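To start, the structure itself, in structure tokens.
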Amino acid sequence: MQKFQNMKVLTLDDCEHLTHIPDVSGLSNLKKFTFDFCKNLITIDDSIGHLNKLELVSACCCKKLENFPPLWLVSLKNLELSLHPCVSGMLRFPKHNDKMYSNVTELCLRECNLSDECLPIILKWFVNVKHLDLSDNDGFKILPECISECHLLRILNLDGCTSLEEIRRIPPNLNYLSASECLSLSSSTRRMLLSQVCCGFFMQ
């Protein structure tokens, strides 16, 4: 890896036989790291969480990926993760006592089957997010009150969250919320959202 220590972009998309992201600590100048559509990827080495110049990580449609390592990256701005449609697995994040904090402003967790237990942890890790995509997650029923701590959040996408029943709080500076095909929303939540629309908040 030391031969590639000046590398800034590493793209491993569509690597069919890639099963493990190895130790990448030698890539100290890496800014963009993508491994989308690596359908046999199972694990990622924890060293990715120490690349302190990394700005973008994308691991979309990695259908066998079940665990994501902790990140200690203040540099990270964009994180995109998803499983593959019809995949029944659930993407797991570090335990409560692990640290995963960054200045991510764009966070895409589409089709990750996030649970009610996992979602509050994620929201607290990525409190500086401005654009949050949680679409097509049918694993959680409640958008927790702690989302109000995301003071910078402007755009929230909940499309296709078919199990979502309750939205407990709207972030204070949210400008746009899309919640189409959220078929399980309670009547009280629908009334709350409509009242927000009447106050100038835009919802699709």
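Every read-out reported here was derived from the displayed coordinates using simple, explicitly stated rules and does not represent laboratory data. Treat the numbers as computed from the prediction; the structure is a model and nothing was measured. Ideal geometry is used to build each Cβ from the backbone, glycine not excepted, and the neighbour counts take in all protein chains shown.
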Query - log10 of Debye I(q)/I(0), alpha-carbon scatterers only, for the chain at 0.13 Å⁻¹ - result: -0.71
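Magnitude of the Cβ-charge dipole of segment 134-204, K/R +1 and D/E -1, about the Cα centre, nearest 20 debye?
Values: 6 positive and 8 negative charges, 59 e Å.
That gives segment 134-204 a dipole magnitude of about 280 debye.
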Query - From phi via Karplus (6.51, -1.76, 1.60), per-residue ³J(HN,Hα) for segment 19-24 in Hz, x at Gly/Pro - result: 10, 8, 7, x, 4, 10
Report summary line: Calc'd 3J(HN,Hα), segment 40-57, phi into Karplus 6.51 cos²θ - 1.76 cosθ + 1.60 (θ = phi - 60°), Hz, glycine/Pro = x, comes to 10, 5, 10, 9, 10, 5, 4, 4, 4, x, 10, 7, 6, 10, 5, 10, 9, 10
Query raised in the report: Just the projected area, averaged over all directions, of the convex hull on the alpha carbon atoms of segment 134-204: how many nm²?
Result: 4.0 nm²
Query raised in the report: Once phi is turned into ³J(HN,Hα) by the Karplus curve 6.51 cos²θ - 1.76 cosθ + 1.60 with θ = phi - 60°, what whole-Hz value does each residue of segment 129-140 show in order, with x for glycine and proline?
Result: 5, 10, 10, 10, 10, 10, 5, 6, 9, 10, x, 10
